[in-house]
Amino acid sequence: MPRCLQALIPIAVLIILNVLAVVPPVTAQDEPQLKVAASITPFGALVNEVGGSRVQTTVLLPEGVEPHAFTATPQIIEAAQQADLLVLTGHFAWETDVANQTDTPFITLADYEEYGAALSVFPGREDTSQKNPHGYWLLPNNAIAIANATRAALSEMKPDDAAYWNTRFESFVDRVESLNASIAVADEDYQLDSLRAVAVFPAEAYIAEAFGISVEAVLQEGENVFISGSRLVEVQNGLRNGTIDIILGSDVGNLQAGGQFAEQLAEDTGSRIVWWRAVFTGQADYVSLMSFDLGVLVESLRGEVSASTEGVTTLVLVIISSLLGLVAVVEGVLLIQRAMEE
């Protein structure tokens, strides 16, 4: 068995156990009870975790648009006005415009903080009072807090469905705990908590934190804010002498100038670079995205993958994501069945 495939088995096993624990579904359907508009795709995915078939979810930010530079259009304002609830990140200026120009109730970062969400210190800065708002929803505890705040808001608006949303939230928490168990297995095998990294963009720092990796610096801290020359020299030296182990990027960072910067830095120092997914696409949910990123990290730590094993490893990662999607679908149908029986 290829070593890289063997490394992914603990992750896959935990996911498969989730699938096997689910009773075969029935074909019942619920009509959506509430309309929710989420500002970005990751928040739409978290809304769906709790809302299930009783919520119709719309994502306000058009696909492929840079959220930091986006301006709310009349179409976006209209979609927000027609919603029963807005779920916002609290990070983007255009969200404030949407909230101010509609009378739709909304939840945002302050609400998530009441349920345990917290911004981490901005990586690589000496001033620990500076917090990192980029991608904070990628940290497991924060994802749970956002889902919990959504559960509470939905339940307040539609008390008759509170039991349904409570059950879905509990199911989401269980799957996040399974993800954390997978991370613990990987940490035991590969000492993830001993790794020191440089990130391309601040969003990757939250994925790294979830896996126990320390981020020492960020190549691009904002849209036009880059690492200083003196700090870059320190990073280069760290990568060469082994005090910094790895470069961490993502689909978000790769769209920035920092992505090309990271590729050159890896080439110049002979360092390993890992490209994660930080953006939810299609039907991807939080747990499947983070499981995929964990698999990519484990694969990288195993070393270079030969042509003969690369396809097998990719297949395993696809299976992991598919199984997690199956869990979400089956659990949703079961919840519907349970609600109908009640």
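The values are calculated or read from the model by the stated rules, or taken from the named source; none is laboratory data. Since we're looking at a predicted model, the values are computed, not measured. Heads up, the Cβs are rebuilt from the backbone with ideal geometry, glycines too, and the neighbour counts pull from every protein chain shown.
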Reported set for segment 196-226 where residues are outside any strand (DSSP E or B) and out of contact with any helix residue (DSSP H, G or I) (no Cβ under 7 Å at 6 or more places or on another chain) is PRO202, ALA205, ALA208, GLU209, ASN224
The number of residues in segment 244-292 that are within 22 Å of ALA186 (Cβ to Cβ), not in a helix (DSSP H, G or I) and not aromatic (Phe, Trp, Tyr) is 15
Within segment 133-187, restricting to residues that are in contact with a strand residue (DSSP E or B) (Cβ under 7 Å, 6 or more places away or on another chain) and not aliphatic (A, V, I, L, M), the one that is farthest from ALA110 (Cα to Cα) is LYS158
Among ALA147, ALA163, ALA99, ALA117, the single one that is over 28 Å from VAL287 (Cα atoms), among the small types (Gly, Ala, Ser) and in the same structural domain as GLN33 (by TED's automatic domain parsing) is ALA99
Scanning segment 235-266 residue by residue, those at pLDDT 95 or above and among the charged types (D, E, K, R) turn out to be ARG240, ASP245
So is TYR136 in contact with a His (Cβ under 9 Å, 6 or more places away or on another chain) and surrounded by 21 or more Cβ atoms within 10 Å (Cβ to Cβ) or not? yes
Out of (1) assigned to a helix (DSSP H, G or I); (2) surrounded by 15 or more Cβ atoms within 10 Å (Cβ to Cβ); (3) outside the structural domain of VAL225 (by TED's automatic domain parsing), the one GLU177 does not meet is (2)
Taking segment 15-67 and keeping residues at pLDDT below 85 and assigned to a helix (DSSP H, G or I) leaves ILE15, ILE16, LEU17, ASN18, VAL19, LEU20
The one condition ASP127 fails out of (1) of a type in the set (Asp, Glu); (2) assigned to a helix (DSSP H, G or I); (3) modelled with pLDDT under 95 is (2)
Item checked: Residue check for ASN142: in contact with a Phe, Trp or Tyr (Cβ under 6 Å, 6 or more places away or on another chain) and at pLDDT 95 or above -> yes
